[in-house]
Amino acid sequence: MRNLVPFILISLLNTFNSYAKEGDTLIVRSHDLVDMTWNGNYDRKAFFPTKGKTFQKVLMKYTLGCASTGCSDWDYDVNIYLLKDLGYRDSNVKSYDTISTNPVIVDTVWNVFDAREPFELGRYITPYGTYMARNSLGFNNDWNHTFYYDVSEFVGLFKDSVTIRSNYRGWSSGFSATTDFIFIEGTPPKNVLAVKNIYLRGGGYQSSEEFEKNVTPEKKIFINKRTKHARAKVIVTGHGFDNNTQCAEFCQKSYDLIVNKEKVGSHLMWRNDCGKNPVRPQGGTWLYDRGNWCPGDKVFPEFYDVSSKINPGDTNIFNIDLEAYTWSGNQRPSYNLSTVLFEYGAYNFDLDARVLEVLKPSDRDEFMHWNPSCDRPICIIQNAGRQRITSAVIKYGFEGLEPSYFEYTGDLASMQKDTVSLPIPKWENEDEGVFYVEITLPNKSYQDENLSNNKLISKVKIAPRLEPFRIWLRTNGRVQENKLVILNSNQEEVYQLDNLMPNTMYREDVNLPDGCYTLLLTDEGKDGLDWWVYQNNGITAATGGWMRIQPQSGGGFIENWGGDWGTEIRYSFIYGNYEGEHQTIEPKNLLIFPNPSKDLVKIQIPAIDEKITISIFNSLGQKVKENSNIPSDRAYWHNMHLEDLGSGIFIIKVESATLNETKKIFVE
């Protein structure tokens with residue numbers, strides 16, 4: 001049976017940020033609530049009808065839930081692999097049976113199987129599922145959490161029938177896996193010519209020399225002579241801590257990526273933000289920072305552009321050098337490591353700006369720490385073309401409401417990304433809406449060669465609307481670690497609860513002007529106000545605290561965060577009748593071309609939603625031509641014919657209710 005889910009637009013809006021231009025989207029499911037109950041491989045074959053199609057982007061949507069028998073209490077690695085069929089059969093020994101000792105005759109039983117090469121698509125660390133298993137603190141065994149992985153470079157391996165592996169490294173039951181692959185048709189920035197494993201497994205660490213000999217020895221990789229660009233992807237996590245260094249789980253060590261004897265880059269194998277985990281609270285030591293991972297979160301890879309270090313058409317040498325250290329104790333440190341090399345052709349577009357991600361507002365599980373929101377939207381843009389991008393106009397807002405505009409300036413090299421904070425737009429009055437971000441006019445030009453990736457849309461929830469409310473805060477004995485403030489949309493403090501006293505109950509009524517706000521309670525110790533570890537070990541000074549909010553009139557709590565929340569509570573809300581703002585931009589310079597011109601000139605029309613008048617004046621100040629009532633609901637080039645003007649110097653004037661710009665033009 002072919003595991004193919006038809007494309008339905010509304011389902012895409014509900015599940016991920018989707019590009020909004022023409023083109024089909026294909027969704028293929030490999031795993032469907034597959035129980036992972038013990039250490040091992042959970043393989044599923046899926047059919048990928050990708051023949052004859054090109055895709056600009058491929059996403060893997062991985063949903064982890066509790067197994068049908070319930071969630072496990074422990075944090076375990078889950079590695080997701082694509083198994084490439086190598087086209088031949090292989091074997092290994094299953095068992096021996098000695099038939100005779102004199103003479104010696106041994107009957108060997110063989111395992112015969114299709115030879116396949118695994119490629120790691122992504123990695124996830126399961127949460128401590130204690131609260132799910134025990135139906136406590138708002139969790140139960142119906143819990144699930146979804147993450148997205150960009151697997152676009154592996155597109156050439158998704159052909160016909162392919163086995164996808166979910167490798168569960170757990171020793172108790174369990175979790176479930178649902179894996180969907182989302183193929184968005186279009187032209188990618190560069191065509192992938194080859195995907196090659198450099199390292200596929202990790203191993204124990206005795207010493208730096210031993211690790212580099214047995215786990216990360218020098219690898220010789222032949223690179224296609226047609227390769228124009230290349231980059232390496234490294235996924236690594238550190239494990240084990242029962243030794244004098246607490247390595248590799250609780251120590252900060254780095255590695256170097258070396259290509260042809262030259263250092264390309266380094267990375268500190270450490271996550272310092274586990275206390276902001278999107279899955280919280282958890283029953284284990286979830287808030288401790290760790291060796292490049294956090295329980296309940298995906299593992300983030302590192303990418304290295306190696307284009308300038310390789311020799312196409314020749315053998316190249318790759319290796320990873322791990323920081324040297326010595327250790328002693330009961331548990332050997334280990335590193336789970338994989339490294340893949342991607343080879344690309346030339347850029348498919350000279351000028352191509354794209355919206356890569358919308359972080360806020362978003363309904364994505366992985367961004368839930370910042371959502372729902374009402375303040376400044378945050379998006380990631382990328383230069384997907386050959387030409388540098390120094391400016392663009394970003395149009396954004398909710399469908400059905402007046403759009404907002406932001407003039408971006410920067411200096412993006414090819415494939416470089418930038419995270420952009422946008423001014424507050426008009427907000428929906430409802431609880432949810434469809435939000436979009438669109439990038440236009442890269443380098444003040446309408447010549448973006450790939451419009452299919454300019455706009456992302458997603459269905460999102462809006463921050464709650466509050467009337468006068470009351471904060472209930474019970475401190476613990478470590479008040480020096482805590483700070484409670486309310487920030488306005490400009491991130492200015494408009495309220496602060498000062499001079500906190502230990503083990504004290506606070507009851508604070510809050511009244512604010514209409515607006516968008518964020519209630520922020522921080523903890524410098526990254527351990528909240530009441531963590532079970534301190535309860536179990538008699539550290540009473542760090543326990544007993546919590547925070548709630550409720551209406552000033554009426555009963556019931558609006559939110560109840562308890563005390564186990566790690567680094568911070570971040571809660572955005574709309575107060576009163578605030579509906580956001582309408583952001584417009586005025587061009588800093590009027591753009592026209594060509595200049596000089598002979599018979600036709602193109603004039604930039606900004607998207608300001610006003611009627612525009614364009615006038616042309618001769619050198620005596622006399623108006624010789626005018627076009628009026630020109631719409632500006634979108635940005636575009638307006639054509640004006642000049643054949644009847646004759647040669648000379650003229651002034652072009654563009655004006656509206658808020659716009660007044662002039663430009664000199666020479667007509668031949």
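The values are calculated or read from the model by the stated rules, or taken from the named source; none is laboratory data. Only a predicted model underlies this, so the values are computations on that prediction, with no experimental measurement involved. Cβ: placed from backbone, ideal geometry, glycine included. Neighbour counts: every protein chain shown. SASA here: full protein model, heavy atoms, side chains in, ligands and nucleic acids out. Shrake-Rupley method; radii C 1.70, N 1.55, O 1.52, S 1.80 Å.
Numbers below:
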{"quantity": "Qualifying GluC sites (Glu not before Pro) for segment 462-538 [loop in DSSP, other Cβ within 10 Å: at most 13]", "calculated": "Glu492, Glu524"}
{"quantity": "Proximal charge balance of Ala67 [Cβ under 14 Å; K/R count +1, D/E count -1]", "calculated": "-4"}
{"quantity": "Where labels lie 7 Å past Cα in the beta-carbon direction, separation of Ser207 and Val533 in nm", "calculated": "3.3"}
{"quantity": "Förster-model FRET efficiency, 25 Å R0, Arg507 and Asn577, C-beta, rounded to 0.05", "calculated": "0.40"}
{"quantity": "Solvent accessible area, Å² - Tyr76, 1.4 Å probe, full protein context", "calculated": "30"}
{"quantity": "Global geometry of segment 83-234, whether rounded, prolate or oblate, following the gyration tensor of its Cα atoms and the 1.5 cut on a/c", "calculated": "oblate"}
{"quantity": "Cross-link reach list, lysines versus Lys653, counting only Cα pairs under 18 Å and skipping chain neighbours closer than eight places", "calculated": "Lys588, Lys602, Lys611, Lys623, Lys625, Lys663, Lys664"}
{"quantity": "Euclidean distance between Cα centres, segment 146-187 to segment 26-66, Å", "calculated": "4"}
{"quantity": "Cα-centred dipole magnitude for segment 248-329, charges only on beta-carbon of K, R (+1) and D, E (-1), debye, nearest 20", "calculated": "260"}
{"quantity": "For the chain, Cys with no neighbouring Cys Cβ under 4.7 Å", "calculated": "Cys379"}
{"quantity": "Cβ-derived FRET efficiency at R0 56 Å, His641 paired with Asp431, nearest 0.05", "calculated": "0.65"}
{"quantity": "Where segment 22-118 is the region considered: accessible area per residue in Å², 1.4 Å probe", "calculated": "57"}
{"quantity": "Links that overshoot a 18 Å alpha carbon limit, given the list Lys190/Lys298; Lys298/Lys417; Lys276/Lys455; Lys57/Lys455", "calculated": "Lys190/Lys298; Lys298/Lys417; Lys276/Lys455"}
{"quantity": "Global geometry of the chain, whether rounded, prolate or oblate, following the gyration tensor of its Cα atoms and the 1.5 cut on a/c", "calculated": "oblate"}
{"quantity": "Cut-off 14 Å (backbone N to label point 7 Å along Cα→Cβ of Val106), residues of segment 65-99", "calculated": "93-99"}
{"quantity": "Accessible carbon and sulfur surface of the chain relative to its total accessible area, %, 1.4 Å", "calculated": "47"}
{"quantity": "At R0 = 60 Å, FRET efficiency that the Cβ-Cβ distance of Asp365 and Thr613 yields, to 0.05", "calculated": "0.75"}
{"quantity": "Paramagnetic reach from Phe250 (point 7 Å along Cα→Cβ, amide N under 19 Å) across segment 204-234", "calculated": "205"}
{"quantity": "Where trypsin sites (Lys or Arg not before Pro) fall in DSSP loop in segment 478-520, at most 11 other Cβ within 10 Å", "calculated": "none"}
{"quantity": "Euclidean distance of C-alpha centroids, segment 495-519 and segment 520-557, integer Å", "calculated": "15"}
{"quantity": "Hz values of 3J(HN,Hα) by residue in segment 123-133 - Karplus curve (6.51, -1.76, 1.60), Gly and Pro given as x", "calculated": "9, 9, 10, 5, x, 5, x, 4, 5, 5, 5"}
{"quantity": "Reachable aspartates and glutamates, given that their alpha-carbon falls under 15 Å from the alpha-carbon of Lys61 and they are not under 8 places away in the same chain", "calculated": "Asp32, Glu120, Asp150, Asp180, Asp297, Glu357, Asp363, Asp365, Glu366"}
{"quantity": "Spatial separation of Cα centroids for segment 288-343 and segment 422-441, in angstrom", "calculated": "38"}
{"quantity": "DSSP bridge orientation in the chain - percent antiparallel, rounded to nearest 5", "calculated": "100"}
{"quantity": "Dipole magnitude of the chain about its Cα centre (Cβ charges: Lys, Arg +1; Asp, Glu -1), debye to nearest 20", "calculated": "1540"}
{"quantity": "Surface per residue (accessible, 1.4 Å probe) for segment 179-235, Å²", "calculated": "44"}
{"quantity": "For segment 46-105: rounded, prolate or oblate by the Cα gyration tensor [a/c cutoff 1.5]", "calculated": "oblate"}
{"quantity": "Listed residue (Tyr495, Gly544, Leu412) projecting farthest to the positive dipole end of the chain, Cβ model", "calculated": "Leu412"}
{"quantity": "Helix-only CD estimate at 222 nm, as mean residue ellipticity for the chain, using -39500 (n - 2.57) per DSSP H run (n ≥ 4)", "calculated": "-1000 deg cm²/dmol"}
{"quantity": "Net charge contributed by nearby residues that have their C-beta within less than 13 Å of Gln416 (K/R +1, D/E -1)", "calculated": "+1"}
{"quantity": "Modelled label reach - Thr658, point 7 Å along Cα→Cβ, segment 397-416 residues with backbone N closer than 17 Å", "calculated": "397-398, 401-408"}
